[in-house]
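For reference, the structure is listed below as structure tokens.
The values are calculated or read from the model by the stated rules, or taken from the named source; none is laboratory data. All values derive from a computational prediction rather than experimental measurement. Counting neighbours? That spans all protein chains shown, and the Cβs are built from the backbone with ideal geometry, glycine included. Protein only, heavy atoms only, side chains kept; ligands, DNA and RNA dropped before computing areas. Shrake-Rupley method; radii C 1.70, N 1.55, O 1.52, S 1.80 Å.
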Amino acid sequence: MNRRFIPDDASEWVWAAPDGHRIRRIDWSPPLPGVGGADGPRGSLLFVGGLGEAYEKYLETFDHWRGQGWQVSSADWRGQAGSGRLGHDGPVVHAVSFDVWLEDFAALWRDWASRATGPRVLVGHSMGGHLSLRAVAERRLDPLPDAVVLSAPMIGIGPSFVPLAQLRMVAALMNATGDSRRAAWRWDVDRPAALAARQQLLTHDDARYQDELWWRRERPEISMGPASWGWVRAALASIAVLQRPGLLETVDRPMLIFGTSADRLVRWQAIRRAASRLPQAELIGFGPEARHEILRETDAVRGRALDAIDGFLDRICA
């Protein structure tokens, strides 16, 4: 498909959160039976992305799932991309607490699930994977998903050799000594070297990375930069919730989790530990062939991930 085009049969619109905040959303129905070899509707899938992301990055993957018969929906998190801002600096992703996102998520899921047909599948990437896991583990979603897929979920952040307790101390200090809405790291969008360094964290696939930059130029309102120090503090507090003894052990939903040991944004060891605590989790690990955005990697890596997801959903949602 054309990754730089919103198809005519996809609907972009604005969903209102319970407090009236405007959340940008997209819905895309599967092809009619017989069109392009499609077998007809199979179920409904909601995708939630990561820190600073917009749903345009995943149009190609949405198209794949549509071809498998899924009605696909996605939304930008409050304060990101087309869903407004929570800080004073346009590109900076700010948060005081992840609770506001969990509350939005519960309301969005309830509204989406009431209209969804067939099995309901939740797919979350990175920060979206973290929020998906928390929402399911804390039973904030009603009804619970029939299946959950987590791509490089943000269960740990920062260098693996730095204890999370130490990171929390640094975040607390930085919030106490300055504006919590200021950027936690520097990213100069106008410097080619900075863009190249960013790609080294995300994907080996040059063309797919350029697609994201194209969308940022085409739709400047979705362009995001670093997180704030407030976000860092909130993220570490939310990660601590997932570490509570007994929480993940109560999750009774089938889950497919995948990540890469080469990830420099989230902690692979934390993903492995979480998967071992989840009673119905399947874990797939990648190595140096994959960076953080596995669903936007080279065809060989991305294809392996999509095949695993398709097989998982075949088994769970037959």
Only unsatisfied item for ARG217, checking (1) in contact (Cβ under 8 Å) with a residue 24 or more places away in the chain; (2) open to solvent by 70 Å² or more (accessible area, probe 1.4 Å), is (1)
Considering every residue within the range 276-294, establish whether at least one is farther than 26 Å from GLY43 by Cβ, part of a strand (DSSP E or B), modelled with pLDDT of 95 or more and of a type in the set (Ser, Thr, Tyr). no
Is it the case, given these coordinates, that TRP15 is in a helix (DSSP H, G or I), aromatic (Phe, Trp, Tyr) and surrounded by 17 or more Cβ atoms within 10 Å (Cβ to Cβ)? no
Some residue of the range 106-119 being farther than 27 Å from ARG304 by Cβ, touching a helix residue (DSSP H, G or I) at 6+ places or on another chain (Cβ under 7 Å) and either hydroxyl-bearing (Ser, Thr, Tyr) or open to solvent by 10 Å² or more (accessible area, probe 1.4 Å) (or both): yes
Taking ALA171 as meeting all but one of (1) touching a strand residue (DSSP E or B) at 6+ places or on another chain (Cβ under 9 Å); (2) part of a helix (DSSP H, G or I), write down the number of the exception. (1)
Among the residues of the range 261-270, is any buried (at least 17 other Cβ atoms within 10 Å of the Cβ), farther than 19 Å from VAL162 by Cα and out of contact with any Gly (no Cβ under 7 Å at 6 or more places or on another chain)? no
Members of the range 63-101 found to be aliphatic (A, V, I, L, M) and either crowded, with 18+ Cβ neighbours inside 10 Å or at pLDDT below 95 (or both), listed by number: VAL72, ALA75, ALA81, LEU86, VAL92, VAL93, ALA95, VAL100
Leading residue by the ranking (most open to solvent (accessible area, probe 1.4 Å)) among those in the range 154-178 that are among the small types (Gly, Ala, Ser) and within 28 Å of LEU122 (Cβ to Cβ): SER160
Could you check GLU249 against (1) buried (at least 21 other Cβ atoms within 10 Å of the Cβ); (2) part of a helix (DSSP H, G or I); (3) of a type in the set (D, E, K, R) and say which number it fails? (1)
Does SER151 satisfy the condition of being touching a strand residue (DSSP E or B) at 6+ places or on another chain (Cβ under 7 Å), open to solvent by less than 70 Å² (accessible area, probe 1.4 Å) and farther than 30 Å from LEU46 by Cα? no
Only unsatisfied item for LEU46, checking (1) assigned to a strand (DSSP E or B); (2) hydrophobic (A, V, I, L, M, F, W, C); (3) open to solvent by 10 Å² or more (accessible area, probe 1.4 Å), is (3)
Candidates LEU256, LEU295, LEU313, LEU278, filtered to the one that is open to solvent by less than 40 Å² (accessible area, probe 1.4 Å) and more than 19 Å from MET127 (Cα to Cα): LEU313
For residues that are assigned to a strand (DSSP E or B) and β-branched (Val, Ile, Thr), scanning just the range 117-166, find the one that is modelled with the lowest pLDDT. ILE157
Looking at ARG181, ARG244, which is the one that is in contact with a strand residue (DSSP E or B) (Cβ under 6 Å, 6 or more places away or on another chain) and either in a loop (DSSP other than H, G, I, E, B) or open to solvent by 40 Å² or more (accessible area, probe 1.4 Å) (or both)? ARG181
